[in-house]
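Asker: First, the structure itself, so that you have it in front of you.
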Amino acid sequence: MLIRIRRAGDVRESEITPESLYLSRRLFLAGGAAAALGLSVNPARAEAALRALGPMRKSAFSTAEERTPYEAVTNYNNFYEFGLDKEDPAAKAHSLQPRPWSLRIDGEVARPQTFDVDDLIAKTPLEERIYRLRCVEAWSMVVPWVGFPLSSLLSRVEPTGKAKYVAFETLHDPMQMPGQNKEVLEWPYREGLRLDEAMHPLAILAVGLYGRVLPNQNGAPIRLVVPWKYGFKSIKSIVRIRLTERQPRTAWNVAAPDEYGFYANVNPDVDHPRWSQAKERRIGDFFRRDTLMFNGYGDEVAQLYSGMNLRRYF
Amino acid sequence: MRPSLDKTVLFIAASLPALALLWLVPTDGLGVNPIREGMHYTGDWAIRLLILALAITPAAKVSGAKKLFRYRRMIGLFAFFYGLLHVFTYVVLDHFFDVETIIKDIAKRPFITIGMGVFLILLALAVTSTHQMVRRLGARRWQALHRLVYLAGVGAAVHFTLSVKKDITEPLIYGAIIAALLLARLLLRYELLPRLKIPAVRGEPVEP
């Protein structure tokens, strides 16, 4: 029997604006603004064109905080495969072909497998997870992701006793990802987690946001979301997951090891060399707010790091 | 005294980036994180105008177009003005007078220390930019003080380079231009750079 326990933070169904109304309001605003500028509005807005995902459960892990508008979530992205400016991914990610898409899982596993992502989406129970996202650059959002626990997928490939870490890789294809023609990072983008972090119920693979499949600029068709870590850990457009014995190389750690650690847990007490991490600006706010340890997920994840020096393992 | 046409045109041109903000801010033209974007925007214009101000002297000397000197002060003041907007964005909009954080930033982070140093230089030069201040300081002291503009230029390029997360191409381009202008100044001083002999107007001798 499923017992639903309401948390203080839970949002009532009635409080959530129906998506159709939300979208029509957005279109109305966009139309008004464009009309004022004398521009024509493209009725086939990207968001309306994206496929709606099937039934999804709500999650007790979701926050009740106000969600960052869809426009902001999908137009302000760090995705260097499409350029270094925040607006680049939304403008340029149309060259990515997210369907069909294969996701290979191998390494220290008993049953290496290749999944077709749409098949995976069809056969996996989906959940909505409204998470805070804290970028290492001291801004944050609240994003209603759709996905499933990473642990459920890892269990299916049966990690062996040797598996200690999980390594992730983004697609490497400069034709689809023109930003890879520039050597700003070591391509393909790589990320990694310790196996116990990866198995934590908060860690998910997201396949959608705001009830629809992921827009390309947000890491279509499948990405990682680890809400207690800085955003760059949540690798996008994943093609390969490998279980390993040793700690894997990770893109930002290779690029600037003194600035970006392997763990990258959100921590207000450990500054980035060039800015303080004590506060953050939630997109849409004027005033900064205090950054919370583990991005406010300490009750759930702090025990993963008991006894660790988080200044050293930043 | 009525302002001359050329200076009026220059004034309007140099004001355009600031005027554009009056349009960009209310129309979300700076995107969803306008404070961060505004910080970059004002910083970009500050360094561009600083470079332009630094270019006046070598350009005037090499070309012999002494008229260019007429524009130097105004362009320098505009560089200060955009620097002021940049610092305003940082102190007021980004940190809202959170003095503790700001002081820590200045003390701990070299790019902010340097940036503040550059701002203080530009402030000192702006305050002493009037004819009256030239008289009060005496030409020699005034000129010595105003040579700090080169230090400000180098500082601005370093500040920009250190602030960038990845891909320092753009700040390096600005840095290279500033280095070239410094070099031109040195070469001119030691008479190593050819000067175009443009016939002087009304029989005035061309500055050697």
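Asker: May I ask you to order B:54-62, A:283-291 by the average number of other C-beta atoms within 10 Å around their residues, highest value first? Intermediate values should be presented prior to the final figure.
Answerer: Working: B:54-62: 18.8, A:283-291: 14.0.
Going by the mean number of other Cβ atoms within 10 Å, highest first, we get B:54-62, A:283-291.
Asker: Diagonalise the Cα gyration tensor of the range A:165-233 and give the resulting equivalent ellipsoid semi-axes, square root of 5 times each eigenvalue, largest first, whole Å.
Answerer: 22, 17, 9
Asker: As a test of the formula, what do you get for chain B when each DSSP H run with n ≥ 4 contributes -39,500 (n - 2.57) and the sum is divided by the residue count, at 222 nm and rounded to the nearest 500 deg cm²/dmol?
Answerer: So the helix-based figure for chain B works out to -24000 deg cm²/dmol.
Asker: Return the FRET efficiency for the residue pair residue B:113, residue A:158: r is the Cβ-Cβ distance, R0 is 56 Å, and the value is rounded to the nearest 0.05.
Answerer: The formula returns an efficiency of 0.55 here.
Asker: Also: Among the lysines, which have Cα under 17 Å from the Cα of residue A:279 when same-chain residues fewer than 8 positions away are ignored?
Answerer: A:229, B:104, B:108
Asker: Could you state the angle between the C-alpha long axis of helix B:34-63 and the longest principal axis of the C-alpha atoms of chain B, as a value from 0 to 90 degrees rounded to the nearest 10?
Answerer: Helix B:34-63 and the main axis of chain B meet at about 10 degrees.
Asker: In whole Å, how far is the Cα centre of the range A:263-296 from that of the range B:12-44?
Answerer: 25
Asker: A further question on this structure: Rounded if a/c is under 1.5, else prolate if a/b is larger than b/c, else oblate: which is the range A:48-164, with a ≥ b ≥ c the root eigenvalues of its Cα gyration tensor?
Answerer: Numbers: a/c = 1.63, a/b = 1.43, b/c = 1.15.
It comes out prolate by the Cα gyration axes.
Asker: For the range B:122-179, what is the convex hull (Cα atoms) projected area averaged across all directions, in square nanometres?
Answerer: Numbers: hull surface 17.6 nm².
Across all orientations, the range B:122-179 yields a mean hull projection of 4.4 nm².
Asker: Here's something else I'd like to know. Taking a cut-off of 29 Å, what percent of all Cα-Cα pairs in the range A:51-305 are separated by more than that?
Answerer: 24
Asker: Which listed residue (A:68, A:113, A:125) has the Cα farthest towards the positive end of the charge dipole for the range A:63-125, taking +1 on Lys and Arg C-beta and -1 on Asp and Glu C-beta about the Cα centre?
Answerer: Checked the options; the winner is A:113.
Asker: Kindly put B:131, B:159 in sequence by how many other C-beta atoms sit within 10 Å of each C-beta, fewest to most.
Answerer: Details: B:131 8, B:159 23.
Starting with the residue having the fewest Cβ neighbours, the order is B:131, B:159.
Asker: A further question follows. For the range B:5-198, what does the convex hull of the Cα positions come to per residue, in cubic angstrom?
Answerer: Enclosed volume per residue, from the Cα hull, is 150 Å³.
Asker: Something else about it: Please report A:68, B:27, B:161 as a ranked list, fewest other C-beta atoms within 10 angstrom at the top and most at the bottom.
Answerer: Ordered from fewest to most neighbouring Cβ atoms within 10 Å, A:68, B:27, B:161 come out as B:27, B:161, A:68.
Asker: Can you give me the Kirkwood hydrodynamic radius for the range B:1-88, using every pair of distinct Cα atoms, in Å to one decimal? Write down the numbers at each step before the final one.
Answerer: Working: mean 1/r = 0.0707 Å⁻¹.
Result for the range B:1-88 stands at 14.1 Å.
Asker: So how far, in whole Å, is the C-alpha centre of the range A:176-194 from the one of the range A:119-147?
Answerer: Using only Cα atoms, the two centres lie 21 Å from each other.
Asker: Let me ask something additional. Express in whole angstrom the spacing between the alpha-carbon centres of the range B:116-168 and the range B:96-114.
Answerer: Here the answer is 20 Å between Cα centres.
Asker: Based on the alpha carbons, how large is the Rg to Rh ratio for the protein assembly as shown when Rh follows Kirkwood?
Answerer: 1.05
Asker: Same structure, new question: Sort A:67, B:189, B:2 so the one with the fewest other Cβ atoms within 10 Å of its own Cβ comes first.
Answerer: B:2, B:189, A:67
Asker: While we're here: Which whole-Hz ³J(HN,Hα) couplings does the range A:113-124 yield from phi under the Karplus relation 6.51 cos²θ - 1.76 cosθ + 1.60, θ = phi - 60°, glycine and proline marked x?
Answerer: Listing the rounded values in order: 8, 10, 10, 8, 5, 5, 5, 4, 4, 5, 9, 10 Hz.
Asker: Let me know the mean shielding of A:271-277 by other chains, meaning the per-residue number of their Cβ atoms within 10 Å of its Cβ. Mind dumping the intermediate values first?
Answerer: Details: counts 4, 2, 5, 10, 7, 7, 0.
Mean inter-chain Cβ contacts per residue within 10 Å come to 5.
Asker: Continuing with this model, one more query. What's the magnitude of the charge dipole for the protein assembly as shown around its Cα centre, counting Lys and Arg as +1 and Asp and Glu as -1 at the beta-carbon? Answer in Debye, nearest 20.
Answerer: Charge dipole, the protein assembly as shown, about its Cα centre: 1880 debye, nearest 20.
Asker: Give, in whole angstrom and from largest to smallest, the semi-axes √(5λ) of the equivalent ellipsoid of the range A:143-264, with λ running over the eigenvalues of the Cα gyration tensor.
Answerer: Taking √(5λ) for each eigenvalue gives 21, 19, 13 Å, largest first.
Asker: Determine the shape class of the range A:48-112: with a ≥ b ≥ c the square roots of the Cα gyration tensor eigenvalues, call it rounded for a/c under 1.5, and otherwise prolate if a/b is greater than b/c, oblate otherwise.
Answerer: oblate
Laboratory data are not the source of any read-out in this text; all were calculated from the coordinates shown. Just so it is clear, the model here is predicted, and its values are computed rather than measured. A quick note on method: Cβ atoms are made from the backbone with ideal geometry, for glycine too, and the neighbour counts reach across all protein chains shown.
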